[in-house]
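Here is the structure we will look at.
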Amino acid sequence: MKTPSRFTLGFALALAGVISLSHAANWPAWRGPLGTGITEEKNLPVHWARTENVQWRVALPEPGNSTPVVWGERVFLTQSIGRQRTLLCLSRADGRTLWREDVTTKLAEDPTHQTNPYCSSSPVTDGERVIVWHGTDGLHCYDLDGKKLWGRDLGVQRHIWGYGSSPTIYGDFCLLNFGPGERNFLVAVDKHTGRTLWQHDEDIGYGKVAPSPDAKDAKAAKAAQNTATYLGSWTTPVIKRIDGRDQLLLSWPRRLAAYEPATGTEIWTCAGLNPLAYTSPIYEGDTVVSMGGFNGSTIAVRAGGRGDITETRRLWQHPRTKQRIGSGVIREGHIYVHNDPGIAECFELATGKLVWEERLTGPGKSRQNWSSVLLSGDNCYTITQGGDCFVFKASPKFELVAVNALGEPSNSSIVPSDGELFIRTHAALWCIAAKR
């Protein structure tokens with residue numbers, strides 16, 4: 001682990017600084033200024049269609065899974081265009097391209113899943129710079145006019161399903177979960193220069209095959225190899241105030257961990273996840289919830305303490321759940337999540353008890369959902385792979401508010417900004433605004 005020598009911050013004030021910079025009109029990062037998917041805005045549209053309440057629609061050159069971020073009059077979006085790994089800056093007024101910056105991929109072959117196109121990580125901005133991660137093709141920083149400030153080659157990222165975690169800005173740090181694959185590490189770089197400040201390496205066991213009970217059994221050997229490669233973390237780091245100080249939360253394969261943001265020192269860990277982690281941790285009060293993917297487990301923990309807190313602070317565990325790609329939200333003691341099979345669920349935060357589950361259906365061809373939940377007031381927003389945008393109540397009693405069909409596949413999440421919604425589909429970027 002590398003620790004900073006001359007790099008000091010007022011960490012107690014850093015998160016407050018992020019919040020103060022990120023007023024309601026801005027959505028500067030994946031899942032918003034706090035990484036929770038919750039907006040303070042209450043005046044967002046709830047009804048729209050392809051020809052209703054559409055401010056503009058701009059076609060995109062290739063499919064993509066990343067979610068846009070918004071700062072002032074600019075919308076930033078990552079996009080793969082052939083061999084280019086691209087950052088687009090669009091005008092929020094009309095969607096026209098203000099500038100684009102390309103990085104040509106250096107890999108002849110870059111494995112990913114067909115449902116996870118390149119450039120699936122979202123950008124992050126602090127209003128002065130915007131930072132993007134393109135996997136093996138590096139971490140790059142630009143000013144808001146597109147001038148490149150720095151670039152970092154962090155090495156090869158290689159996984160059969162590609163990458164998807166997004167960088168996070170915290171004070172003067174840019175934090176990144178690099179992986180999954182043979183190399184997995186949590187790294188902090190100086191957002192001004194790109195210089196590495198610290199790095200925590202995590203051995204997740206990728207590619208390590210345990211001896212087969214019967215070495216002659218080819219089927220068993222193949223199953224063991226699959227087990228050793230079908231694992232990883234696509235989690236984006238989240239900062240939470242715990243025990244009077246900010247802590248960095250990250251879901252690794254098999255565990256949830258908390259780190260000191262200044263040094264990368266691990267503070268505590270809680271076991272109970274399965275080997276795949278797609279979602280980001282969510283929290284309310286002193287309770288943190290981490291959800292595994294691939295029908296894996298979910299855990300809730302009373303955050304805090306030191307070392308392994310599995311036996312002393314883990315509140316509950318669901319050993320097996322529905323497939324979860326998108327992250328959920330928590331409101332007034334209840335968890336809301338829209339699962340991959342198209343089923344929305346509500347759980348009690350304190351106990352993990354299922355309150356309700358409902359299959360959300362619309363006119364789209366697919367009910368599958370990779371979208372993370374956006375919470376505005378008591379409304380939850382998601383969009384399915386069939387292009388159906390659902391609005392349902394964050395309430396212990398299920399209530400469907402609206403089904404808004406765009407008719408275009410999407411694996412992204414809905415972004416709020418100053419009364420408007422920005423929705424990225426595989427075909428286009430949409431700006432939705434209710435008539436005033």
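The values are calculated or read from the model by the stated rules, or taken from the named source; none is laboratory data. Just so you know, these numbers come straight off a predicted model, no measurement behind them. Every residue, glycine as well, gets a Cβ built from its backbone with ideal geometry; the counts of neighbours run over all protein chains shown.
The residues in region 249-288 that are assigned to a loop (DSSP other than H, G, I, E, B), over 18 Å from the mean Cα position of the chain (by Cα) and touching a residue at least 60 places away in the same chain (Cβ under 8 Å) can be counted, and the count is 5.
Tallying residues that are in contact with a helix residue (DSSP H, G or I) (Cβ under 8 Å, 6 or more places away or on another chain) and within 16 Å of residue 169 (Cβ to Cβ) within region 237-269 yields 4. Under the condition of being small (Gly, Ala, Ser), modelled with pLDDT of 95 or more, more than 18 Å from the chain's Cα centre (by Cα) and farther than 21 Å from residue 33 by Cα, the residues counted in region 106-154 number 3. Taking region 80-92 as the range and being outside any strand (DSSP E or B) and either of a type in the set (A, V, I, L, M, F, W, C) or touching a residue at least 60 places away in the same chain (Cβ under 8 Å) (or both) as the test, only 92 passes. Residues in region 93-104: is at least one touching a helix residue (DSSP H, G or I) at 6+ places or on another chain (Cβ under 8 Å), within 22 Å of residue 28 (Cβ to Cβ), of a type in the set (Asp, Glu) and not in a strand (DSSP E or B)? There is no residue in region 93-104 that is touching a helix residue (DSSP H, G or I) at 6+ places or on another chain (Cβ under 8 Å), within 22 Å of residue 28 (Cβ to Cβ), of a type in the set (Asp, Glu) and not in a strand (DSSP E or B).
Selection of region 317-375 for residues being β-branched (Val, Ile, Thr), assigned to a strand (DSSP E or B) and crowded, with 20+ Cβ neighbours inside 10 Å yields 329, 330, 335, 337. Under the condition of being of a type in the set (Gly, Ala, Ser), under 20 Å from the mean Cα position of the chain (by Cα) and either surrounded by 24 or more Cβ atoms within 10 Å (Cβ to Cβ) or farther than 13 Å from residue 342 by Cα (or both), the residues counted in region 376-396 number 1.
Determine whether residue 415 is surrounded by 16 or more Cβ atoms within 10 Å (Cβ to Cβ), more than 22 Å from residue 71 (Cα to Cα) and β-branched (Val, Ile, Thr). Judged against the criteria, residue 415 is not a match.
Every residue, every condition in (1) within 30 Å of residue 209 (Cβ to Cβ); (2) in contact with a strand residue (DSSP E or B) (Cβ under 6 Å, 6 or more places away or on another chain); (3) surrounded by fewer than 17 Cβ atoms within 10 Å (Cβ to Cβ), yes or no:
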residue: 228; (1), (2), (3): yes, no, yes
residue: 248; (1), (2), (3): no, yes, no
residue: 255; (1), (2), (3): yes, yes, no
residue: 268; (1), (2), (3): no, yes, no
residue: 279; (1), (2), (3): yes, yes, no
residue: 288; (1), (2), (3): no, yes, no
residue: 293; (1), (2), (3): yes, yes, no
